[in-house]
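Reading through the structure tokens given below for one structure.
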Amino acid sequence: MTKQIRQLERVVIRFAGDSGDGMQLTGDRFTSETAQLGNDISTLPNFPAEIRAPAGTLPGVSSFQVHFADYDILTPGDAPNVLVAMNPAALKANLADLPRGADIIVNTDEFTRRNLAKVGYASSPLDDDTLAGYAVHPVGLTSMTIGALAELEVSKKDAERAKNMFALGLLSWMYSRPYESTLRFLERKFAKRPELVAANVAAFKAGWNFGETTEDFAVRYEVKPAKMPPGTYRNITGNAALSLGLVAAGVRSGLPVFLGAYPITPASDILHELSKHKRFGVTTMQAEDEIAAIGAALGASYGGALGVTTTSGPGVALKGETISLAVALELPLVIVDVQRAGPSTGMPTKTEQADLNMALFGRHGEAPVAVIAPKSPSDCFHAALEAARIALTYRTPVILLSDNYVANGSEPWLLPEVDSLPDLRVEFATAPNGEDGTTFLPYLRDPQTLARPWAVPGTPGLEHRIGGLEKADKTGDISYDPANHDYMVRTRAARIETIPVPDIEVEDPDGDARVLVLGWGSTYGPIGAACRALRQRGLPVAQAHLRHLAPMPANLGAVLRSYERVVIPEMNLGQLAHVIRGRYLVDAIGYNQVRGLPFTAAELETMLEEVLKNV
Amino acid sequence: MSEPVALKLTAKDFKSDQEVRWCPGCGDYAILAAVQQFMPELNIPRENIVFVSGIGCSSRFPYYMNTYGMHSIHGRAPAIATGLSVSRPDLSVWVVTGDGDALSIGGNHLIHALRRNVNLKILLFNNRIYGLTKGQYSPTSEVGKITKSTPVGSADAPFNPLSLALGAEATFVGRTIDSDRKHLQSVLRAAAEHEGSAFVEIYQNCNIFNDGAFEQLKEPGTRDDYLIRLEHGQPITFGKDGQFCVVHPPGGFGLEVRETASTPAEEIVVHDATVADPAYAFALSRLPGFDLRNTPIGVFRSVRRPSYDSVVQGQLTEARATVSETPEQQLAGLLGSGDTWTIVG
């Protein structure tokens, strides 16, 4: 039977199921197929901290949202057009996010009385009017998968577990996705168990064929490739991009990369990724704790490596004393904080950007460091290189503030030419720098960068001692002299404050906006999407995004003062707004949300519309 | 490799230009002098030697050594030194620490460095007191110790540093005393020759806050009857006249001290530092009583196990063995790995 094909500009699909149902993998594969087609993409995984929460319960629901379009998009989408619900819990947990008219594909096999009761459904929502207004597609995903695999030599359990591939096959058919990469992926993933390759491929094909034959799905959709700059692309998550950025920093600096890390969500994937790249001279050490992780990284930096430590907020809190030591020692060090919802353990798999205060101020004494934040998954690559550049050039700790949203979200990434990446080569000190030609002065600074010489052990004639005690200017000897301490504190502040960083750019296409939205980090996408939507409605609004949070761009004050209103949306209670108000005396309006989820473009649009009305 | 050239260094070469600022009479002076005098023996260029310390009186040590050095933060020296040693296997890395630094605030790093067998020489100056903070009890102070923070006596049981190190399966464990330069240097020599972690406890006198803590081990009148000088391959006997010996009673778990005269010679334990099971050295570490009687000094344990550094370097070497591309070519390949697609302009 020939089905109607309808063209769409954009689609948002959410795959939702139990945390054991393989929803992250399903979403990931659908994303990869979509990337192959050339759509622009943005994804949002959302999963519980528990590895296997009790099956069928609301806390156990894991989901993966993918937004794809024939134009460039900035967010994973506010509301899904399609929900795939593998069980009643997945339906109940996600229904509130669906606009009326959305498609819901439900696995009817899981809608048993027991599963319904687990989530408090007195009767099946498939039988009452709960889903009135939605386009519901009841599919026996489990039973049809088992049926499709009846002839194969797999256990019933393995057959049942392949149901996510049935769902993927069905959705791949619905949206006309190329599936060759998924078949190749299955062959790789189950290389050691050919019977599982056969089972998963069969399930996928059964899902595809089901779509093609069943009357229930009358329409098939297409989303044409987006117009994107020419080049080679891959889909990449923030954590993967950040890892590659660190590898690239090693290559471009010619230094070995040393990562000290302790497992912590959502940063562990960086440790996993970097541990695969030993052929680049990358050493990874899983330390006994967060403090040892940064200590080892600092020790490696002292020895001439690019020392890196990766963690999340609780880990940064533990590392504070060592960051202070690195400030005093004036050695390069990159500290990656993949932020998650706090305080304390908080919500480890949910996003937040509430570690800004800690990054800027969270140490004893006057201990300034450079702070930068990536704005999107692929930007994590360039942010990592930038963090390394600042650390190596200015011999300072740099905190890179990623967050769970950019770390686990993904988007297409235009692969850079290696030669176009910044040159990070450094010069170690090799000879005495004192006027007498024989003395080595470890704290004699470069007048341009204010950086001190990096004299690594093994260099003859430059033997010297450094430490956490205050040092005399130039000689680095222990000093309790009041004037010297005052000078050193101010100099350490100045060496961060005078790091040249690019001016902040303002996006204001018509140049007539009176309101500026200032963001930092992962809010770039939702803010950008909201601003676009407003402009399309004829409401001018300007957007500027801070990548460098310390030091801040030199033109920031002037930019802020040139608008009648400045609005700062943040996934915290106003940490950047507080800094902006203090530094620039600008009466910025905060818009704050700490729900563990990124902003939706729609809520920002509504909020900004209100602000625009009042200027 | 060709025969190393004799560097002809002297103790003076290892003295930095910094004024030594420990209290007059501190045991640290003796240790510093012994280390500076011993260092030339290593025949390692000064630039390839690094001393890393934590916080405390003993941790000022690196400032006085004319080598590379880092005075870091409280308890963290083993962690920092681990990163340095693993990434720079060409260096000789020494950690100087104290009982508070190594066993209290830094206890975790110490045991993990030891279990990993990082190629560090760890010198723990044990004076059984917090000196720099002016006299609080430490994790090696005896129960009931009266100090500024324990006016009616401390309530906590102390660590036995060697037992702790052996519990972490340290591959080299030794003990020596600040005042016995010859012995101290003999233990340093054995530690320096060891590949992997070498843990050396040095009994050190704090003459201000805990004076005489190890007096019985130093006084000519008592020391011979109190100290057990371990010698690899020799029967363990001690006392002014060799009147005491160490035996392993059948059916017992540990070692005991007996009178030599009434003990058959074949029952006297012959010291073997290379026993694979740490239980033997652990039993030695349990011999001393509260009054410091039966205190063994020397090398308790010295066994071979690949160092963490060599295993990590081995993995790096193996991973790079098959690489024929330039780093830039490798990087281009890595960036373009996985599922990619091309958009033509």
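The values are calculated or read from the model by the stated rules, or taken from the named source; none is laboratory data. Being a predicted model, the structure only gives us computed values, none of them experimental. Cβ coordinates were reconstructed from backbone atoms using ideal geometry, including for glycine residues, and neighbour counts include every protein chain displayed.
Look at the stretch A:304-322 and say how many of its residues are within 12 Å of another protein chain (Cβ to nearest Cβ) and surrounded by fewer than 24 Cβ atoms within 10 Å (Cβ to Cβ).
Going through the stretch A:304-322 one residue at a time, the tally reaches 4.
Name the single residue, out of those in the stretch A:99-158 being assigned to a loop (DSSP other than H, G, I, E, B) and of a type in the set (S, T, Y), that is nearest to A:A198 (Cα to Cα).
Checked the stretch A:99-158; the qualifying residue nearest to A:A198 (Cα to Cα) is A:S155.
Test A:T108 against the stated conditions and say whether it is within 24 Å of A:P138 (Cα to Cα), under 27 Å from the mean Cα position of the chain (by Cα), at pLDDT 95 or above and of a type in the set (S, T, Y).
no
So, of the residues in the stretch A:102-124 that are in contact with a strand residue (DSSP E or B) (Cβ under 7 Å, 6 or more places away or on another chain) and without any contact (Cβ under 8 Å) to a residue 40 or more places away in the chain, which turns out to be surrounded by the most Cβ atoms within 10 Å (Cβ to Cβ)?
Filtering the stretch A:102-124 for residues that are in contact with a strand residue (DSSP E or B) (Cβ under 7 Å, 6 or more places away or on another chain) and without any contact (Cβ under 8 Å) to a residue 40 or more places away in the chain, the one surrounded by the most Cβ atoms within 10 Å (Cβ to Cβ) comes out as A:V106.
When you check A:S410 against the structure, is it buried (at least 24 other Cβ atoms within 10 Å of the Cβ), touching a helix residue (DSSP H, G or I) at 6+ places or on another chain (Cβ under 7 Å) and more than 12 Å from chain B (Cβ to nearest Cβ), yes or no?
Answer is no for this residue.
If I filter the stretch B:40-48 for residues that are more than 25 Å from A:G299 (Cβ to Cβ), buried (at least 17 other Cβ atoms within 10 Å of the Cβ) and not hydroxyl-bearing (S, T, Y), do I get at least one hit?
Yes - at least one qualifying residue is present in the stretch B:40-48.
Only one residue in B:L114, B:L164 is under 28 Å from B:N210 (Cα atoms) and either surrounded by 17 or more Cβ atoms within 10 Å (Cβ to Cβ) or touching a helix residue (DSSP H, G or I) at 6+ places or on another chain (Cβ under 6 Å) (or both). Which one?
Result of the check over B:L114, B:L164: B:L164.
Only residues that are outside any loop (DSSP other than H, G, I, E, B) and either basic (K, R) or within 7 Å of chain B (Cβ to nearest Cβ) (or both): list them for the stretch A:258-284, please.
A:F258, A:G260, A:K278, A:R279, A:F280, A:T283, listed by residue number.
Are there helices (runs of 4 or more DSSP H) fully within the stretch A:506-601 with at least 1 residues that are in contact with a Gly (Cβ under 8 Å, 6 or more places away or on another chain)? List them.
By residue number, A:524-536, A:575-584.
Failed condition for B:G239, given (1) away from chain A (no Cβ under 14 Å); (2) surrounded by 13 or more Cβ atoms within 10 Å (Cβ to Cβ); (3) in contact with a strand residue (DSSP E or B) (Cβ under 6 Å, 6 or more places away or on another chain); (4) more than 30 Å from B:S197 (Cα to Cα), with all others met?
(3)
Give the residue, chosen from B:L32, B:L7, that is more than 8 Å from chain A (Cβ to nearest Cβ) and either assigned to a helix (DSSP H, G or I) or buried (at least 24 other Cβ atoms within 10 Å of the Cβ) (or both).
B:L32
Which condition from (1) crowded, with 16+ Cβ neighbours inside 10 Å; (2) at the interface with another protein chain (Cβ under 10 Å from one of its Cβ atoms); (3) at pLDDT 95 or above is the one that A:A226 breaks?
Tallying (1) crowded, with 16+ Cβ neighbours inside 10 Å; (2) at the interface with another protein chain (Cβ under 10 Å from one of its Cβ atoms); (3) at pLDDT 95 or above, A:A226 fails exactly one: (3).
Which of the residues belonging to the stretch A:300-325 are of a type outside the set (A, V, I, L, M, F, W, C) and in a helix (DSSP H, G or I)?
A:S301, A:Y302, A:G313, A:P314, A:G315, A:K319, A:G320, A:E321, A:T322, A:S324
Of all the residues that make up the stretch B:300-345, how many are small (G, A, S), in a loop (DSSP other than H, G, I, E, B) and more than 7 Å from chain A (Cβ to nearest Cβ)?
3
Which of the numbered conditions does B:R60 fail, given that it passes all the others? Conditions: (1) in a helix (DSSP H, G or I); (2) out of contact with any Asp or Glu (no Cβ under 9 Å at 6 or more places or on another chain).
Exception for B:R60: condition (2).
Which of (1) under 17 Å from B:Y68 (Cα atoms); (2) among the small types (G, A, S); (3) surrounded by 15 or more Cβ atoms within 10 Å (Cβ to Cβ) does A:A431 not meet, given it meets every other one?
The failed condition is (3).
Quick check on A:Y405: is it of a type in the set (F, W, Y), more than 12 Å from every other protein chain (Cβ to nearest Cβ) and either in contact with a Leu (Cβ under 7 Å, 6 or more places away or on another chain) or within 30 Å of A:P229 (Cα to Cα) (or both)?
When the stated conditions are applied, A:Y405 passes them.
Which one of these does A:N239 not meet: (1) surrounded by 24 or more Cβ atoms within 10 Å (Cβ to Cβ); (2) closer than 20 Å to A:A300 by Cβ?
(2)
Could you tell me which of the residues A:P540, A:P509, A:P500 is surrounded by fewer than 17 Cβ atoms within 10 Å (Cβ to Cβ) and under 30 Å from A:R452 (Cα atoms)?
The match here is A:P500.
Can you tell me which residue among A:R234, A:R220, A:R188 is of a type in the set (K, R), closer than 26 Å to A:S172 by Cα and touching a helix residue (DSSP H, G or I) at 6+ places or on another chain (Cβ under 7 Å)?
After ruling out the rest, the residue left standing is A:R220.
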